[in-house]
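Just so it is clear, none of the values below were taken in a lab; they were calculated from the coordinates. As the structure is a prediction and not an experimental result, all values here were calculated from the model. Here the Cβ is made from the backbone with ideal geometry for all residues, glycine too, and neighbour counts use every protein chain on show.
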Amino acid sequence: MNLPLADLRQDYKLAGLTEAQSLSDPFQQFSLWFEQALNAQLLEPNAMTLATIDSNGSPNARIVLLKGFSENGLIFHTNYDSAKGQNIAAHPQVALVFWWAELERQVRIEGTAEKVSAEDSDCYFNSRPLNSQIGSWASTQSQVVSSREELESRFAHYQEKFNNQPIPRPENWGGFRVIPYIFEFWQGRPSRLHDRLRYRLSNQQWIKERLCP
């Protein structure tokens, strides 16, 4: 393959991010940028890369969906027996990345992941579409399955089992909350002189500092 990868480039010119423009609290700054991403009608602005470390120290990354955030942390849901769930059990330190290309923005977050309460997991699970609830029972996430037909057979089994009755949340399915200790807000700028503002938690106080691009 002879692809012109070296010639692929984009000069970013939409906006800047100065210390004066940014808020003092990173959660408020994230909320502001997330609201702007929503208003821009981006495709799945809540999609984020979740990076974890397995028991052997190898990194793993995948896209998950943010389903809630506050000053208590950022929440996503998964099967606790999945690869990501097992990684977090071994090493709760994780990283998140949001990439909003249309706004020429990236947000990087580092923090510690912990399970949310069973009550909070129940509340979200009960809000999911019916077929998504059934899928949580049918899929032994990250485990080898012999074929697509076997997966669909499992789905049909639980569809029949829970027919016309409330579907309980599987005990091994629920939410994780990522409690940040680092935020980095990246705004693309011309000539690759991008704006990077990092907030790091030190002695319960957020320190804001500029990083070289």
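Does segment 30-75 hold any residues that are among the hydroxyl-bearing types (Ser, Thr, Tyr), surrounded by 15 or more Cβ atoms within 10 Å (Cβ to Cβ) and in contact with a helix residue (DSSP H, G or I) (Cβ under 6 Å, 6 or more places away or on another chain), and which are they?
Residues of segment 30-75 among the hydroxyl-bearing types (Ser, Thr, Tyr): 31, 49, 52, 55, 58, 70.
Within this subset, residues satisfying the condition of being surrounded by 15 or more Cβ atoms within 10 Å (Cβ to Cβ) are 31, 52.
Residue satisfying the conditions is Thr52 alone.
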Quick one: how many residues across segment 76-116 are surrounded by 18 or more Cβ atoms within 10 Å (Cβ to Cβ), part of a strand (DSSP E or B) and of a type in the set (Val, Ile, Thr)?
4
It is to be established whether one or more residues within segment 104-124 are small (Gly, Ala, Ser) and under 28 Å from Ala20 (Cβ atoms).
yes
Index of the failed condition, Glu110 passing every other in (1) on the phi < 0 side of the Ramachandran plot; (2) free of Cβ contacts under 8 Å to residues at least 12 places away in the same chain:
(2)
Within segment 117-142, considering residues that are within 19 Å of Met48 (Cβ to Cβ) and free of Cβ contacts under 8 Å to residues at least 40 places away in the same chain, the one surrounded by the most Cβ atoms within 10 Å (Cβ to Cβ)
Arg128
Working only within segment 186-213, note down all residues that are over 15 Å from Trp99 (Cα atoms) and acidic (Asp, Glu).
Glu209
Selected residue (criterion: farthest from the chain's Cα centre (by Cα)) from residues of segment 143-169 that are crowded, with 16+ Cβ neighbours inside 10 Å and not in a helix (DSSP H, G or I):
Ile167
